[in-house]
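*Asks:* Please find one structure pasted underneath; my questions will follow.
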Amino acid sequence: MIVTWRIGLRIVLIMILAVVLQVSFFSYLTLFGTTPNVIPLVAVSLGLLGGAMTGAVCGFILGFVLDAVLLATLGVSSLMLLAVGYLAGRYREGTEISNTLIPPIMIGVLTMAAQAGFAAIQLMLGIDVPVSLLVLREIFVQGLLAFVLAIPFYPLIRRMLRPAIVDDVVAGQRMRTPIRAGRRSRRRSSRRGSPRMRRVTGIS
């Protein structure tokens, strides 16, 4: 990803909207016994689109802001979102994404990993959390909801950052190059065949 100041502002806007939507809307929803969480979705999406560094930095910022807004233990969410954003970016840098289902699958899997890591860190820190098979069920449902939400959200985030995505920029240049070359050849042929050129060259 080519990060300019305009693209940086778009990334900041995406993260702000994600936190606002999570706190003011999704946190009040209950689906299949759990609350949807779009924050890991956004962190993984930015990693898949921008690479490991972008995913890690954006994941850390998202986690820190979310913990600050919810008055939770600072650093717990940041650590897990940094990890999943980095892993998504590393996958993007090492593998070509040729199937439209790969990003939602990656988002679902890494969301489950983030939720599991978050629960494990809370236990290590001595925070009182319920430990039962229901936790595993909630982690699985979180991943499933992230997969479903990624179907509309990931293309939207990609569209917002499309001018900075290297693959899209290169593809656009490849599509424009033959068109420009064809126009230039037609212009040259039309100039050669014009009456003025024939008079100059002495062609009757």
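*Asks:* Which residues, counting only those in the range 28-86, are over 13 Å from the mean Cα position of the chain (by Cα) and among the β-branched types (Val, Ile, Thr)?
*Replies:* Within the range 28-86, Thr30, Thr34, Thr35, Ile61, Val65, Val69, Thr73, Val76 qualify.
*Asks:* So which residues in the range 75-105 are out of contact with any Gly (no Cβ under 9 Å at 6 or more places or on another chain) and either in a helix (DSSP H, G or I) or under 26 Å from Leu125 (Cβ atoms) (or both), if there are any at all?
*Replies:* Gly94, Ile102, Pro103, Pro104, Ile105, listed by residue number.
*Asks:* While we're on this one: Go through (1) modelled with pLDDT under 90; (2) under 15 Å from the mean Cα position of the chain (by Cα); (3) open to solvent by less than 50 Å² (accessible area, probe 1.4 Å) for Val3 and report which single condition fails.
*Replies:* (3)
*Asks:* Identify, from the list Gly55, Gly89, the residue that is touching a Lys or Arg at 6+ places or on another chain (Cβ under 9 Å) and crowded, with 24+ Cβ neighbours inside 10 Å.
*Replies:* Going through Gly55, Gly89 in turn, just one is touching a Lys or Arg at 6+ places or on another chain (Cβ under 9 Å) and crowded, with 24+ Cβ neighbours inside 10 Å: Gly55.
*Asks:* State whether the residues of the range 21-29 include one that is closer than 19 Å to Ala114 by Cβ, surrounded by fewer than 13 Cβ atoms within 10 Å (Cβ to Cβ) and without any contact (Cβ under 8 Å) to a residue 60 or more places away in the chain.
*Replies:* yes
*Asks:* Is it the case that the range 67-83 has a residue that's free of Cβ contacts under 8 Å to residues at least 60 places away in the same chain, under 19 Å from Leu9 (Cα atoms) and surrounded by 21 or more Cβ atoms within 10 Å (Cβ to Cβ)?
*Replies:* Looking for residues that are free of Cβ contacts under 8 Å to residues at least 60 places away in the same chain, under 19 Å from Leu9 (Cα atoms) and surrounded by 21 or more Cβ atoms within 10 Å (Cβ to Cβ), one finds none in the range 67-83, hence no.
The values are calculated or read from the model by the stated rules, or taken from the named source; none is laboratory data. Please read these numbers as outputs of a predicted model, since none were measured by experiment. Every residue, glycine among them, receives a Cβ derived from its backbone with ideal geometry; neighbour counts consider all protein chains shown. Surface areas here come from the heavy atoms of the whole protein model, side chains and all, with no ligands, DNA or RNA. Shrake-Rupley method; radii C 1.70, N 1.55, O 1.52, S 1.80 Å.
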